[in-house]
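Everything on this sheet refers to the single structure shown next.
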Amino acid sequence: MLNKRILDSEVQEYINSHLAGDVHKIAMGKSPFPGIEARELAAQIAAKKKSVRKLPSIYACKGIYYPALLSIEQCSSETTALYKSGLATGDTLIDLTGGFGIDSLFFARKVVQVTHCEINEELSGIAAHNASMLQQNNMLFIASDGLAHLSTVKETFGTIYIDPARRSTAGKVFMLKDCTPSVVENLGPLLAKSQRVIIKTAPLLDITAGLKELKNVTEIHIVSVRNECKELLWVLENNAPAAPKIVSVTLNDAVKEFSFYKGEELEEAVQLETTPSSGFLYEPDTALLKSGAFNLIASRYGLKKLHGQTQLYHADEVKPHFPGRIFKIKELVSTGELKKSKQVKASVISRNYPDKAEQLVKKYRIKPDDELFLIFTQSSKDGYLIIGAEILQHY
């Protein structure tokens, strides 16, 4: 149960004044407040510290009650929650696996009414309290199993949202059937009770494998932040097309999307006939790479591939709408030059090259640099090569 003493003003002041403190020492010390254990104070401090960048509006709001640190680590960021809220349809939404409630909060800013289901009674209470602090009054909180609750109500929803958890006994192979609650087994009832079902999965799930398990997939959204693939969003509807739309989206300072229909990615790409010593080198964001559209990237942006197995691309001009990093090629560098040089400064990238980046840094005694890069790779024409470049566009 929630310890409401934690919400007292003097306790909140203590938490805020100790955000820079050592949570382990605080947990092992003596609590200055009756009815509150030191470990509870430490837990609130640790969770709030974790929220500063991930959940900035939560962090800035007074009177927030934080859950266990694991819930903060596992919940969506506000950046990804805002994006997925744009996928909701209709006036009503039910979140069957509400957790800390970040996704539900952002859905509630897009639709008329949100029902948040969470089987953990304490976590459900925390989410309800925080929604009131944030003045989000169009939310209903049900401390119950989401699927069980859905089976008892007669109403249908514009959108059903579900974030199934991977079972700890599932092993290394990640499939939806290894998650709970089971979306695969309950797909019929989910589609019968909604216009749209949105399923969030970890990026580890293989897209082809997921499509074999699921039916009625209309869209798959691959969401990346700063070149880290955060989640896959599967959009299901009753009248789904034969070929789902795949959307790679990068949520950085600028939001960039690359979309295509399944099957389009199979076209051939034009490869370079010579190794580039000038022009611009393009490195796709991880969301694009996850989509498998290695050749389509080249044709859409007017690029040429260095090598069939190297996901690096070249053009003579800058294309700022490209979702990924762009480098201006300065020179081609030989291994002999690197061995002779005593002061090499660069960040190192290794793509389709025998040695990993950390091995190359050690081998050639390369000091770090934020703007200059050495790109170890290979081309179809000349084999292994090293490109010296300056970064123009970050992720």
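The values are calculated or read from the model by the stated rules, or taken from the named source; none is laboratory data. Predicted, not measured: the structure shown is a model, and the values here were computed from it. A quick note on method: Cβ atoms are made from the backbone with ideal geometry, for glycine too, and the neighbour counts reach across all protein chains shown.
For the reader, a short list of remarks on this structure follows.
- Listed by position, the strands (runs of 3 or more DSSP E) contained in the stretch 201-276 that have at least 1 residues being among the charged types (D, E, K, R), modelled with pLDDT under 95 and surrounded by fewer than 19 Cβ atoms within 10 Å (Cβ to Cβ) form an empty set.
- Residue within the stretch 305-317 that is touching a residue at least 24 places away in the same chain (Cβ under 8 Å), under 20 Å from residue 81 (Cα atoms), surrounded by fewer than 20 Cβ atoms within 10 Å (Cβ to Cβ) and not β-branched (Val, Ile, Thr) present: no
- Members of the stretch 361-395 that are farther than 24 Å from residue 224 by Cα, assigned to a loop (DSSP other than H, G, I, E, B) and not polar (S, T, N, Q): 364, 365, 368, 369, 381, 382
- Tabulated pairs, the stretch 279-300, first among the basic types (Lys, Arg), second assigned to a helix (DSSP H, G or I), C-beta under 9 angstrom, 6+ apart or interchain: 290/207
- Selection count where residues are among the acidic types (Asp, Glu), farther than 23 Å from residue 255 by Cα and either buried (at least 20 other Cβ atoms within 10 Å of the Cβ) or in contact (Cβ under 8 Å) with a residue 60 or more places away in the chain (or both), scope the stretch 71-105: 2
- Search result, residues across the stretch 324-372 that are among the acidic types (Asp, Glu) and buried (at least 18 other Cβ atoms within 10 Å of the Cβ): none
- Per the conditions (1) among the hydroxyl-bearing types (Ser, Thr, Tyr); (2) in the same structural domain as residue 200 (by TED's automatic domain parsing); (3) closer than 30 Å to residue 24 by Cβ, the sole criterion not satisfied by residue 97 is (3).
- Residues of the stretch 37-89 that turn out to be more than 30 Å from residue 218 (Cβ to Cβ), among the small types (Gly, Ala, Ser) and part of a loop (DSSP other than H, G, I, E, B), as a count: 2
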